[in-house]
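Scroll down for the structure; my scribbles are underneath it.
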Ligand code: SF4
């Protein structure tokens, strides 16, 4: 696919035109454009409004600790030695956060899904994980069909922790693999031999986890398409239900620890596109369905079903088969989306904990979406989830701007990134175009220049 395009077009020219930075668009506008601290009581007012309408919420809980820093890390984490006191103190603050919510809201929030993310949620011991779930059950009500998912590091998670998570109701697990290549693992300061991952996967299967996701990352040091092919083959051999193949966001000016990576040994943008295409070919040839712009899933998995039925959703937790309209985020850096507004907890565990000690929430950013934000975000989500831009929605959302945008879409089509549907009612992202999805999405972003001025975004290739 790439070779064919290289012959008819100059790949350099395509990358020059369309390979520039773009936000991730899990939120719209991007968090770097949100305002400082929300007005006092805003989170509770919005939660009350959600609860008074009997609406369910999704719950995201951020566990902000890791025992070692991966040099590519783009997450909100604090590196700590594996001592119980960090987890204990964190759980005390988490209880305060839930107590504050409980005191101020009428009735218990009803939860339709729980996701533990990080950091590394399994930095907490099995006893601490059990205490955490008891806390949730004390302050929250769970829908009978609620789904529980957790992210973990295959290098450090123990069989007892996996057993505990399973007993606590977790059935979905995501393993941060990134790459099986030892050179890349050394370069990014993350080490997990293939046999170790195989052991974790087998343990999860034996315990009855119903969905196992692998996170892979391309664009890291020492990668090329031949080497990454081995990683994909090894992944396929372990039969994960889903794979997320993320493009590495190299932003050393924003995340100084990334300066420890050797930029010279990172693959050239041409090679990155080759890695993505090679991985796509292999996953597809083994029966995986490409989902959204960078995921793959077994055809029988609910993610593939949601994609096929145009029900796929994109949230702060990535692509999901279903989601509630509202999200309650707990823990440092966690984002809530309540009644049309984003509210972020302070990313610092100390600031978040101190604010809770003083009876506040420690929220440092917020944004109330306007109607225009919502319709533009819907258009962006439709592109990033189902790879389609429908003329009708384009005209309805963008009004007078639609004509100019259509000219731009034609330019993407000339470069093989989009193609016109046979019935001429929509534009579809091509297989070659999937890595450029966020660049296309920028056409619908009214904040794009402001966002790029305020904070750097990752390139798309
Ligand atoms: S395990 Fe994840 S969150 Fe922790 S340092 Fe590594 S990449 Fe960052």
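The values are calculated or read from the model by the stated rules, or taken from the named source; none is laboratory data. Given the structure is predicted, the values throughout are model-derived calculations rather than measurements. No Cβ is skipped: glycine too gets one built from the backbone with ideal geometry, and neighbour counts run over all protein chains shown.
Could you go through the stretch 380-387 and let me know if any residue there is part of a loop (DSSP other than H, G, I, E, B) and either assigned by TED's automatic domain parsing to the domain that holds residue 313 or within 27 Å of the chain's Cα centre (by Cα) (or both). Checking the stretch 380-387: at least one residue is part of a loop (DSSP other than H, G, I, E, B) and either assigned by TED's automatic domain parsing to the domain that holds residue 313 or within 27 Å of the chain's Cα centre (by Cα) (or both). Any residue at all in the stretch 216-233 that is exposed (fewer than 14 other Cβ atoms within 10 Å of the Cβ), away from the ligand (no atom under 16 Å from the Cβ) and either farther than 23 Å from residue 296 by Cβ or not assigned by TED's automatic domain parsing to the domain that holds residue 286 (or both)? For the stretch 216-233, residues exposed (fewer than 14 other Cβ atoms within 10 Å of the Cβ), away from the ligand (no atom under 16 Å from the Cβ) and either farther than 23 Å from residue 296 by Cβ or not assigned by TED's automatic domain parsing to the domain that holds residue 286 (or both): absent.
Out of the stretch 125-172, which residues are closer than 19 Å to residue 87 by Cα and assigned to a strand (DSSP E or B)? Of everything in the stretch 125-172, those that are closer than 19 Å to residue 87 by Cα and assigned to a strand (DSSP E or B) turn out to be 150, 151, 152. The selection criterion, being within 16 Å of the ligand (Cβ to nearest atom), over 24 Å from the mean Cα position of the chain (by Cα), farther than 30 Å from residue 265 by Cβ and not in a loop (DSSP other than H, G, I, E, B), holds for residue 86. Close Cβ contacts (under 6 Å, 6 or more residues apart or on different chains) running from residues in the stretch 399-422 that are not assigned by TED's automatic domain parsing to the domain that holds residue 383 to residues that are outside any helix (DSSP H, G or I) are absent.
Where residues in the stretch 98-124 are in a loop (DSSP other than H, G, I, E, B) and surrounded by fewer than 17 Cβ atoms within 10 Å (Cβ to Cβ), which of them is modelled with the lowest pLDDT?
106
Scanning the stretch 324-352 for residues that are surrounded by fewer than 19 Cβ atoms within 10 Å (Cβ to Cβ) and in the same structural domain as residue 298 (by TED's automatic domain parsing) turns up just one, 325. Going through (1) crowded, with 18+ Cβ neighbours inside 10 Å; (2) within 16 Å of the ligand (Cβ to nearest atom); (3) under 24 Å from the mean Cα position of the chain (by Cα) one by one, residue 156 falls short only on (1).
For the stretch 250-270, which residues satisfy the criterion of being part of a helix (DSSP H, G or I), surrounded by fewer than 18 Cβ atoms within 10 Å (Cβ to Cβ) and modelled with pLDDT of 95 or more?
Pass one, the stretch 250-270, residues part of a helix (DSSP H, G or I): 256-260, 263-265, 269-270.
Among the residues that remain, those that are also surrounded by fewer than 18 Cβ atoms within 10 Å (Cβ to Cβ) are: 256-257, 259-260, 263-265, 270.
Answer for the stretch 250-270, where residues must be part of a helix (DSSP H, G or I), surrounded by fewer than 18 Cβ atoms within 10 Å (Cβ to Cβ) and modelled with pLDDT of 95 or more: 256, 257, 259, 260, 263, 264, 265.
Might you check whether a residue that is touching a residue at least 60 places away in the same chain (Cβ under 8 Å), part of a loop (DSSP other than H, G, I, E, B) and within 24 Å of the chain's Cα centre (by Cα) occurs anywhere in the stretch 210-222? So far as the stretch 210-222 goes, yes, one or more of its residues are touching a residue at least 60 places away in the same chain (Cβ under 8 Å), part of a loop (DSSP other than H, G, I, E, B) and within 24 Å of the chain's Cα centre (by Cα). Of the residues making up the stretch 186-201, those that are surrounded by fewer than 21 Cβ atoms within 10 Å (Cβ to Cβ), part of a helix (DSSP H, G or I) and within 16 Å of the ligand (Cβ to nearest atom) are 186, 196, 197. Quick one: which residue in 72, 60 is within 16 Å of the ligand (Cβ to nearest atom), in the same structural domain as residue 322 (by TED's automatic domain parsing), assigned to a loop (DSSP other than H, G, I, E, B) and buried (at least 22 other Cβ atoms within 10 Å of the Cβ)? The match here is 72. Inclusion of residue 394 among residues that are assigned to a helix (DSSP H, G or I), surrounded by fewer than 19 Cβ atoms within 10 Å (Cβ to Cβ), free of Cβ contacts under 8 Å to residues at least 60 places away in the same chain and not assigned by TED's automatic domain parsing to the domain that holds residue 62 is not warranted.
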